[in-house]
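Chemist: Take a look at this one; I'll ask things after.
What follows is calculated from the coordinates using simple rules that are stated; it is not laboratory data. It should be emphasised that the depicted structure is a prediction, and the values quoted were computed from it without experimental measurement. With ideal geometry, Cβ positions are generated from the backbone for all residues, glycine too; neighbour counts draw on all protein chains shown.
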Amino acid sequence: MLQIWGRRNSNNVMPVMWTVGELGIEFERHNAGGSFGGVDTPEYLEMNPNGKIPVINDDGFVLFESQAIIRYLSTKYAKGTLAPEDPQAFAIADQWMEWYKTTVFGPFLGLLIAVVRTEEGKRDQGRIFSLNADLGGLLDILDEQLAKHEYVAGDTFTMADIPLGGAIYRYYEMAVPHHKRPHIQAWQERLKERPAFQTHVMFPFGRNLAEWNALEQQDA
Ligand SMILES: N[C@@H](CCC(=O)N[C@@H](CS)C(=O)NCC(=O)O)C(=O)O
């Protein structure tokens with residue numbers, strides 16, 4: 001059975017879990033990282049020398065890097081749906097996944113750390129404003145794409161929707177003045193109808209550091 005290591009509140013574990021939920025395959029998830037630790041043992045470092053989450057073991061095949069895991073699982077278990085069969089359609093889905101990881105993830109994670117994972121008295125409002133403005137510009141690009149298509153890589157739901165969809169859900173749950181975009185909002189509403197999104201993305205992750213830490217451990 002597929003084994004997954006990582007605390008579920010991690011921004012990199014969440015899209016892997018959502019993928020697994022979409023696939024409907026059996027899995028076991030082992031809490032690791034953050035307050036659970038366990039990522040610096042020789043056994044763990046053998047699986048991922050970076051000591052990071054997530055890692056999977058699929059019947060003896062070990063893989064780290066969340067995006068690689070999502071592409072692998074989609075190609076193995078959902079070719080023609082999550083992983084488009086046509087090479088160019090696959091490349092477009094991959095392109096948006098890369099755009100997310102190389103361009104959106106930085107300001108998104110920066111904002112989450114600055115808002116949710118920083119004690120209220122210590123928050124840097126200038127930094128929050130600037131990261132939020134950076135995200136606003138990126139949301140314009142995504143909104144333009146979603147004006148043309150119902151989903152990120154075209155007219156059907158693919159792996160391209162997963163990392164972006166989860167991060168943008170979290171963005172709209174954070175206590176910041178949100179940049180709303182009509183096509184992004186409509187896409188998010190479509191995602192919220194998916195049972196795997198409801199289970200693996202739509203859970204509370206906390207509005208401040210104390211809540212973040214408490215909710216992380218509640219999942220133990
Ligand atoms: N590029 C890697 C990044 C992995 C990563 O940085 N994971 C973070 C959690 S989101 C981590 O392991 N942090 C240390 C910890 O949680 O103990 C991926 O996408 O899988």
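Chemist: Between K192 and T103, what FRET efficiency follows from the Cβ-Cβ distance if R0 is 25 Å, with the result rounded to 0.05?
Modeler: E(calc), rounded to 0.05, equals 0.55.
Chemist: Now, a different point. Using a/c under 1.5 as the rounded threshold, could you call the stretch 37-112 rounded, prolate or oblate? The axes a ≥ b ≥ c are square roots of the C-alpha gyration tensor eigenvalues, and prolate needs a/b larger than b/c, oblate otherwise.
Modeler: Since a/c reaches 1.5 but b/c is at least a/b, the shape of the stretch 37-112 is classed as oblate.
Chemist: Go ahead and estimate [θ] at 222 nm for the chain from helices alone: -39,500 (n - 2.57) per DSSP H run with n ≥ 4, summed, over the residue count, rounded to 500.
Modeler: Calculated at 222 nm, the ellipticity per residue is -16500 deg cm²/dmol.
Chemist: Which number comes out as Rg/Rh for the stretch 2-77 once both Rg and the Kirkwood Rh are worked out on C-alpha atoms?
Modeler: Over the Cα atoms of the stretch 2-77, Rg/Rh equals 0.93.
Chemist: Apply the a/c threshold of 1.5 to the C-alpha gyration tensor of the chain and tell me whether it is rounded, prolate or oblate.
Modeler: Oblate, since a/c reaches 1.5 and b/c is not below a/b.
Chemist: How large is ³J(HN,Hα) for each residue in the stretch 86-101, as worked out from phi by the Karplus curve 6.51 cos²θ - 1.76 cosθ + 1.60 (θ = phi - 60°), to whole Hz, x for Gly and Pro?
Modeler: 5, x, 6, 5, 4, 5, 5, 4, 4, 4, 6, 5, 5, 4, 4, 5
Chemist: Quick query: amide H of F157 versus all other amide H atoms, modeled in the peptide plane; which residues come in under 5 Å with a sequence gap of 5 or more or a different chain?
Modeler: Placed amide hydrogens put nothing under 5 Å from F157.
Chemist: Shifting gears a bit: Can you tally the net charge around E193? Count Lys and Arg as +1, Asp and Glu as -1, for every other residue whose Cβ sits under 15 Å from the Cβ of E193.
Modeler: Numbers: positive: R190, K192, R194; negative: E22, E150, D161, E189.
Charge balance near E193 sits at -1.
Chemist: Just S74, S66, S130 to compare: in a GNM of the chain, with alpha carbon springs under 10 Å, which one fluctuates most?
Modeler: Greatest mean-square fluctuation among the candidates belongs to S130.
Chemist: Find out how many positive minus negative residues lie around M97, taking Lys and Arg as positive, Asp and Glu as negative, among other residues whose Cβ is under 10 Å from that of M97. Don't skip to the answer; put the middle values down first.
Modeler: Details: positive: R71, K101; negative: D94, E98, D161.
Computed value for this residue: -1.
Chemist: Under a GNM of the chain (C-alpha, springs under 10 Å), which listed residue has the highest mean-square fluctuation: K79, K52, K122?
Modeler: Comparing K79, K52, K122 in the GNM, the peak value goes to K122.
Chemist: Another question, then. Given points 7 Å out from each Cα along the Cα-Cβ axis, report the Q125 to Q88 separation in nanometres with one decimal.
Modeler: The answer from the label model is 5.1 nm.
Chemist: Under a crude label model (7 Å from the Cα following the beta-carbon direction), how far is E43 from I113 in nanometres?
Modeler: Taking the simple label geometry, E43 and I113 are separated by 3.0 nm.
Chemist: What residues qualify as long-range amide H neighbours of V55, i.e. H under 5 Å apart, gap of 5 or more or another chain, H built at 1.01 Å from N?
Modeler: W5
Chemist: Enumerate the amide H contacts of V39 below 5 Å, restricted to partners 5 or more residues apart or on another chain; note that Pro and chain-start residues carry no placed amide H.
Modeler: When sequence neighbours closer than 5 places are left aside, the close amide H contacts are G33.
Chemist: May I ask you to derive the relative contact order of the stretch 76-210, considering only C-alpha pairs under 8 Å and at least 6 residues apart, and to give it as an integer percent?
Modeler: About 32 percent, as a whole number.
Chemist: N9: net charge of surrounding residues, Cβ under 9 Å, Lys/Arg +1, Asp/Glu -1, itself excluded?
Modeler: 0
Chemist: So if we plug the beta-carbon distance of K79 and K148 into 1/(1 + (r/R0)^6) with R0 = 30 Å, what FRET efficiency do we get, rounded to 0.05?
Modeler: Computed FRET efficiency for K79 and K148: 0.75.
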